[in-house]
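**Student:** Mind looking over this structure? Questions follow.
Values quoted throughout were computed directly from the atomic coordinates according to the rules given, and no laboratory measurement underlies them. It should be emphasised that the depicted structure is a prediction, and the values quoted were computed from it without experimental measurement. So basically every Cβ, Gly included, is an ideal-geometry build from the backbone, and we count neighbours across all protein chains shown.
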Ligand SMILES: [Zn+2]
């Protein structure tokens, strides 16, 4: 692609670095910005610079936060005895969008992966153990991806917390809504049967 302007070329190459953005989309976005007035483009770029330089991670749960403690950890409406362990901030956003969970979180920032050289000390497990040892946390819900790395991490955490008076549970791993049994893989179907729940609970969760 030949650009008539070095400035445009530079902007396009920056946009292209974003995930899921190819050269054509990058050019479309740059040309769109060029059509906007200067003030709104300044507002756009300023919001990105401010976000990057001012955002921090919650001291308690490692979620993104504007302050030392994130809004979830600070909220008195949340159940502080429940901690949901997730791999990334994207998982917090996904679970929050369900409006079904009212406890706190713990963002690991990754999962244990011996193949990629990621050990337990590279993820936020130690701080989880500290949180669980102060007596406030009664239940830790494992909400990690159903992969070998996810399972390895759950196993490691459960060993680490086993001497503490905390109940460890895991999110259900079953058939997705609208799915068909005959197309579900054996492991998922087997787990769904092994971890079946009373029909009354099923009705409650469907509400
Ligand atoms: Zn927090």
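**Student:** Using a Förster distance of 35 angstrom, determine the FRET efficiency expected from the C-beta separation of residue 34 and residue 100, and round it to 0.05. Before the final figure, lay out the partial values.
**Tutor:** On the way: r = 43 Å, r/R0 = 1.24.
So the FRET efficiency works out to roughly 0.20.
**Student:** Kindly identify region 6-54 as rounded, prolate or oblate by the Cα gyration tensor criterion: order the square roots of the eigenvalues as a ≥ b ≥ c, call it rounded if a/c is under 1.5, otherwise compare a/b with b/c, prolate if a/b is larger, else oblate.
**Tutor:** Working: a/c = 2.09, a/b = 1.26, b/c = 1.67.
Judged from the Cα gyration tensor, region 6-54 comes out oblate (a/c at least 1.5, b/c at or above a/b).
**Student:** While we're on this one: In vacuum, with every alpha carbon of region 66-202 counted as one equal point scatterer, what does the Debye formula give for log10 I(q)/I(0) at q = 0.08, 0.19 Å⁻¹? Two decimals, please.
**Tutor:** Listed by q, the Debye log ratios stand at -0.24, -1.26.
**Student:** Continuing with this model, one more query. Springs between alpha-carbon atoms under 10 Å, Gaussian network over the chain: tell me which of 25, 152, 169 tops the mean-square fluctuations.
**Tutor:** Checking each option, the largest mean-square fluctuation is seen for 25.
**Student:** Report the full-extension gain for the segment residue 78 to residue 2: residue separation times 0.36 nm, less the Cα-Cα distance, to one decimal in nm.
**Tutor:** Values: separation 76, 0.36 × 76 = 27.36 nm, distance 5.44 nm.
21.9 nm is the gain from fully extending residue 78 to residue 2.
**Student:** Sort 1, 197, 142 so that the residue with the fewest other Cβ atoms within 10 Å of its own Cβ comes first and the one with the most comes last.
**Tutor:** Numbers: 1 8, 197 12, 142 18.
Ordered from fewest to most neighbouring Cβ atoms within 10 Å, 1, 197, 142 come out as 1, 197, 142.
**Student:** At 0.36 nm per residue, and after removing the present C-alpha to C-alpha distance, how many nm does the segment from residue 193 to residue 16 gain when stretched out fully? Walk me through the intermediate numbers first.
**Tutor:** Details: separation 177, 0.36 × 177 = 63.72 nm, distance 4.56 nm.
Working it through step by step, the gained length comes to 59.2 nm.
**Student:** Please identify, among 156, 105, 183, the residue showing maximal mean-square fluctuation in a Gaussian network model of the chain using a 10 angstrom Cα cutoff.
**Tutor:** 183
**Student:** While we're looking at this one, here's another question. Using 1/(1 + (r/R0)^6) with R0 = 41 angstrom and r between the beta carbons of residue 147 and residue 180, what's the FRET efficiency to the nearest 0.05?
**Tutor:** 0.95
**Student:** To the nearest Å, what is the center-to-center distance of region 82-145 and region 31-80, using C-alpha atoms only?
**Tutor:** 21
**Student:** Here's another thing I want to ask about it. What distance in nm separates the two pseudo spin-label positions at residue 55 and residue 67, each 7 Å out from Cα along the beta-carbon direction?
**Tutor:** My value for the distance between the label points is 1.9 nm.
**Student:** Right, here's the next one. What nm distance separates the two modelled labels at residue 139 and residue 25, each placed 7 Å from Cα along Cα→Cβ?
**Tutor:** Rounded to a tenth, the inter-label distance reads 3.9 nm.
**Student:** Using a Gaussian network model on the chain with a 10 Å cutoff between Cα atoms, which of 12, 41, 86 fluctuates the most?
**Tutor:** The residue with the greatest mean-square fluctuation here is 12.
**Student:** I need two numbers for region 1-104: Rg to one decimal and Dmax as a whole number, Cα atoms only, in Å.
**Tutor:** In Å, with Rg to one decimal and Dmax whole: 19.2, 60.
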